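Here's the structure we're looking at; comments come further down.
The values are calculated or read from the model by the stated rules, or taken from the named source; none is laboratory data. The structure displayed is predicted, hence computed values, not measured ones. Here the Cβ positions follow ideal geometry from the backbone for every residue, glycine too, while neighbour counts run over all protein chains shown.
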Amino acid sequence: MKTPAVLLLVTAGFALFAAAQSTKEIKKAPISPTAVNSGPEMFKNYCAACHGVDGKGGGPAAAALKIPPADLTALAKKNSGKFPTARVERVIGGDDAIAAHGSSEMPLWRPLFDSLSPSNESMAKLRIANLTKYIESLQK
């Protein structure tokens, strides 16, 4: 008789689903290619889950993070009114340490961008530059 085994599997499935719902988890997925020249598309696909589509830090995954995502719209304000282009590029690329970047919660983007065009290092740099320009456009 297969009914008890099926019932056990269904019950276990519901228990796992309920446990996942009660603990805050971030779903991880492989990086998918986007247009290299589209800062808005890259931001939507790579950053908005944590930083929100508006860049203010309220993305759907934000509540599950130990360190809240930065409000990317206030970077210039926090830097005496000047957008810190070089610093943002270094943070995205992983050259400047940020507690969340490089943790299990937040990936270093440079190696991931390199993986999208493994034979062309300049493509990762272009992605970082275009993403940085888009973040600059979000400043209040």
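Being in a helix (DSSP H, G or I) and farther than 26 Å from residue 116 by Cβ is the requirement here; does residue 78 meet it?
On the way: in a helix (DSSP H, G or I): yes; farther than 26 Å from residue 116 by Cβ: yes.
Spelling it out, residue 78 is indeed in a helix (DSSP H, G or I) and farther than 26 Å from residue 116 by Cβ.
In the list 39, 59, which residue meets the criterion of being of a type outside the set (Ser, Thr, Tyr), surrounded by 15 or more Cβ atoms within 10 Å (Cβ to Cβ) and farther than 19 Å from residue 117 by Cα? Quick ask: steps written out before the conclusion?
Values: 39 fails: farther than 19 Å from residue 117 by Cα.
The unique qualifying residue is 59.
Yes or no: the range 91-114 includes at least one residue that is among the hydroxyl-bearing types (Ser, Thr, Tyr) and at pLDDT 90 or above.
Just the residues of the range 91-114 that are among the hydroxyl-bearing types (Ser, Thr, Tyr), to begin with: 103-104.
Checking which are at pLDDT 90 or above leaves us with none.
Within the range 91-114, none of the residues are among the hydroxyl-bearing types (Ser, Thr, Tyr) and at pLDDT 90 or above.
Taking the criterion of being surrounded by 14 or more Cβ atoms within 10 Å (Cβ to Cβ), among the hydroxyl-bearing types (Ser, Thr, Tyr) and modelled with pLDDT of 95 or more, would at least one residue in the range 115-127 satisfy it? So that I can check it myself, show each step before the final result.
At the first step, the residues of the range 115-127 found to be surrounded by 14 or more Cβ atoms within 10 Å (Cβ to Cβ) are 116-117, 123-127.
Okay, now just the ones that are also among the hydroxyl-bearing types (Ser, Thr, Tyr), so 117.
Adding the requirement that they be modelled with pLDDT of 95 or more leaves none.
Within the range 115-127 (the criterion being surrounded by 14 or more Cβ atoms within 10 Å (Cβ to Cβ), among the hydroxyl-bearing types (Ser, Thr, Tyr) and modelled with pLDDT of 95 or more), the answer is no, since none of the residues qualifies.
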